[in-house]
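Participant: Before I ask anything, let me first share the structure, which is written out below as structure tokens.
None of the figures in this text is laboratory data; all of them are computed from the coordinates on show. Model, not experiment: these values are computed from the prediction. FYI the Cβ positions are ideal-geometry reconstructions off the backbone, even for glycines, and counts take in every protein chain you see.
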Amino acid sequence: MSAVLATGLASPQAAVSFFTDQLAYRTDPADLAADLLAGETAIVVIDTRSPAHYREAHIPGALSFPHRTMDAASTASLDRELVYVCYCDGIGCNGSTRGALKLAALGFKVKELIGGLHWWRQDGFAVATGEVPGRLLTGGSDCGC
């Protein structure tokens, strides 16, 4: 028997629902970079890691907002009309998931960056250092999607 098929197969309708949901919850580095380079104002990139990790390297334009500090009081000044894209180190870290969950629970619109800072760098996009968010000025490699 096929190892791929041994666990079952979703119907095409169920697959459409699943993949539509995935795209509603997540974005990838290429799409985020395209929006940053275009000056998209409807999204805010949130680095959910510690301030020390943010200073070492972060996505240009990202705000440092550690997930451990997110609560009703610390998010009171955030604009609820914007979409917050959360990221952390990468797939071995759940800080972006925790941050996105906290923001969503507080009523904010959120997405999670697939692969975090690791995949951002892997795709050839620049990082900023220090405490200033910075701004993405050039693109990385074309993902070919």
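Participant: Please report the orientation-averaged projected area of the chain, defined via the convex hull of its C-alpha atoms, in nm².
Facilitator: So the Cα hull casts an average projection of 10.5 nm².
Participant: In region 4-145, with Lys and Arg counted as +1 and Asp and Glu as -1 at Cβ, which of these residues, Ala72, His118, His53, has the Cα nearest the positive end of the dipole, that is, farthest along it?
Facilitator: The one lying farthest along the dipole's positive direction is Ala72.
Participant: Next question, about the same structure. Based only on other Cβ atoms within 10 Å, what is the fewest-to-most ordering of Thr27, Thr7?
Facilitator: Ascending number of Cβ neighbours within 10 Å: Thr7, Thr27.
Participant: Further question on the same structure: Sorting Phe18, Phe125 on the 10 Å Cβ count, fewest up front, what's the list?
Facilitator: By the 10 Å Cβ count, ascending, the order reads Phe18, Phe125.
Participant: Considering amide H positions built from the backbone, and no H for Pro or chain starts, which residues 5 or more places from Val44, or on another chain, come under 5 Å of its amide H?
Facilitator: Placed amide hydrogens put Val83, Tyr84, Val85 under 5 Å from Val44.
Participant: Given DSSP loops and a limit of at most 13 other Cβ atoms within 10 Å, what is the longest stretch of the chain that contains no such trypsin sites (Lys or Arg not before Pro)?
Facilitator: 1-79
Participant: A follow-up question, please. Ordered by residue, what ³J(HN,Hα) values in Hz, to whole numbers, does region 71-84 give under the Karplus form 6.51 cos²θ - 1.76 cosθ + 1.60, where θ = phi - 60° and Gly and Pro are x?
Facilitator: Listing the rounded values in order: 7, 4, 5, 6, 9, 4, 8, 6, 7, 6, 7, 8, 10, 9 Hz.
Participant: What FRET efficiency comes out for Asn94 versus Ala73 if R0 is 22 angstrom and r is the Cβ-Cβ distance? Round to the nearest 0.05.
Facilitator: Once the sixth-power term is evaluated, E becomes 0.40.
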